Amino acid sequence: MAILELKNLNKTYSPTSIPVKDLSLTVRDDEFLTLLGPSGCGKSTTLRAIAGLDQPTRGQVLVDGRDVTRMRPGDRNMAMVFQSYALYPHMNAKANIAASLRLKKIDEREIIGRIRAVSAKLGLDDLLDRKPGQLSGGQRQRVALARALVRQPAVFLLDEPLSNLDALLREQVRAELKQIFEGQAAPVVYVTHDQTEAMTLSTKVAVLCDGMIQQLAAPEVIYNCPANQFVAGFVGSPQMNLMTLICDGRYARLGEFQVRLPETIAMPPKTIVLGIRPEHVAIAQTDQPVTVRGDLFLSEHLGMGHLLSVAIPRGDHEPLKIRALVPQGTAWHRGELELFLPDDQLHWFDSVTGERVG
């Protein structure tokens, strides 16, 4: 199959508008890489540069070691699935799927064979004679996927393909996508701002901010060991608790309590950022030590549990706020709450650089 490489890719529109800043990464066969980040982070610009729809200011796009940076999009042997489906409204589904193959003058018998194989895989056999206007959003998305799959490209590119679907349909199509691309021995690059899509679909995730990769790792590593404060705050729902604490020697002050700094910090700083995910914050039981005490001021029912917001008093300073995601059936009450924060679930970040320190 193929290996996709980006080397020092840069896209500059003006001195103050640089959506992609010297980005380098490699996507191998059987890898599903998601470019994840907020709007304006450079993920779609990167995808368009890979596809050849935008020319990078500098840097290279290589497929199997061959430089395709200046090649036309149609000559790169890549297939792209767009957010808007981009189907021809006057053609039925079968003609839409076959369009790119006919432009390449592939033998008609080969075209029919490829359509049959892909149609069976995507459940499109009964929809091939319908035009896009007669299809639902999910069905049109499957036709767009089929059009990409029949090309048997070296690289698959997907630009937020689920963003136009409602929540229930998005969940269904997301599961279908995972099954489809698990059987494709080709690099896949997927762009989204939806972290659920990134975590469930990917073998690797590149978290982008301001045109630069903040962390490139497997989804479980991104979630369990975020490289910096941005990744920690962006990945995860509900969002990770991040609290700036004052240090006192080897301890950080958390309200009336103190939390020991990890041994990885050689020189204790004046301030540090403590992070912990809401699902790891528990209401202290009789057999557990209390890590922090605060006042419950808000509870939100999320179906699988309750999200409790607690204010931690700090004397004359504004209270710290921490959220705990507790499962259904957990006993809690309004007023003062005692919380337990497991040491092995704490994340520590430099309060100046935002980099992980423990």
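The values are calculated or read from the model by the stated rules, or taken from the named source; none is laboratory data. Everything quoted here is computed from the prediction, not taken from an experiment. No Cβ is skipped: glycine too gets one built from the backbone with ideal geometry, and neighbour counts run over all protein chains shown.
In table form, for the structure just shown:
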quantity	calculated
Count of residues meeting criterion [exposed (fewer than 15 other Cβ atoms within 10 Å of the Cβ) and part of a helix (DSSP H, G or I)] in the range 51-98	3
Pair list, Cβ under 9 Å, 6 or more apart: the range 210-223 residue closer than 14 Å to P38 by Cβ, other residue surrounded by 17 or more Cβ atoms within 10 Å (Cβ to Cβ) and of a type in the set (S, T, Y)	G211/T45; G211/T46
Of all residues in the range 213-261 being over 21 Å from D194 (Cβ atoms) and β-branched (V, I, T), the one that is surrounded by the fewest Cβ atoms within 10 Å (Cβ to Cβ)	T244
Whichever residue in the range 170-183 is in contact with a strand residue (DSSP E or B) (Cβ under 9 Å, 6 or more places away or on another chain) and buried (at least 17 other Cβ atoms within 10 Å of the Cβ) and, among such residues, is nearest to L135 (Cα to Cα)	L177
Residues (buried (at least 20 other Cβ atoms within 10 Å of the Cβ) and free of Cβ contacts under 8 Å to residues at least 40 places away in the same chain) located in the range 140-169	R142, L162
Flag if Q152 is assigned to a loop (DSSP other than H, G, I, E, B) and either under 17 Å from the mean Cα position of the chain (by Cα) or not small (G, A, S) (or both)	yes
Scan of the range 314-344 for residues that are within 18 Å of T244 (Cβ to Cβ) and exposed (fewer than 15 other Cβ atoms within 10 Å of the Cβ), ordered by number	G315, D316, H317, E318, K321
Pair list, Cβ < 9 Å and 6+ apart or interchain, from the range 94-117 residues that are under 22 Å from Q141 (Cβ atoms) to residues that are among the aromatic types (F, W, Y)	A95/Y88; N96/Y88; A99/Y88
Selected residue (only one of R116, R102, R109 is over 21 Å from P187 (Cβ atoms), in a helix (DSSP H, G or I) and in contact with a helix residue (DSSP H, G or I) (Cβ under 8 Å, 6 or more places away or on another chain))	R102
Only one of S84, S119, S24 that is more than 23 Å from the chain's Cα centre (by Cα), under 27 Å from L201 (Cβ atoms) and among the hydroxyl-bearing types (S, T, Y)	S119
Counted residues, the range 329-344 - those being in contact (Cβ under 8 Å) with a residue 40 or more places away in the chain and either part of a loop (DSSP other than H, G, I, E, B) or closer than 11 Å to V292 by Cα (or both)	10
Counted residues, the range 254-271 - those being among the aliphatic types (A, V, I, L, M) and more than 14 Å from L320 (Cβ to Cβ)	4
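Every residue, every condition in (1) at pLDDT below 95; (2) in the same structural domain as R260 (by TED's automatic domain parsing); (3) basic (K, R), yes or no:
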position	(1), (2), (3)
V292	yes, yes, no
L302	yes, yes, no
G305	yes, yes, no
H317	yes, yes, no
A324	no, yes, no
W332	yes, yes, no
E338	yes, yes, no
R356	no, no, yes
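Yes or no, residue by residue, for (1) of a type in the set (D, E, K, R); (2) over 22 Å from L177 (Cβ atoms); (3) in the same structural domain as I222 (by TED's automatic domain parsing):
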site	(1), (2), (3)
P15	no, yes, yes
K21	yes, yes, yes
L47	no, no, yes
A51	no, no, yes
Q55	no, yes, yes
L62	no, yes, yes
R70	yes, yes, yes
D75	yes, yes, yes
V81	no, no, yes
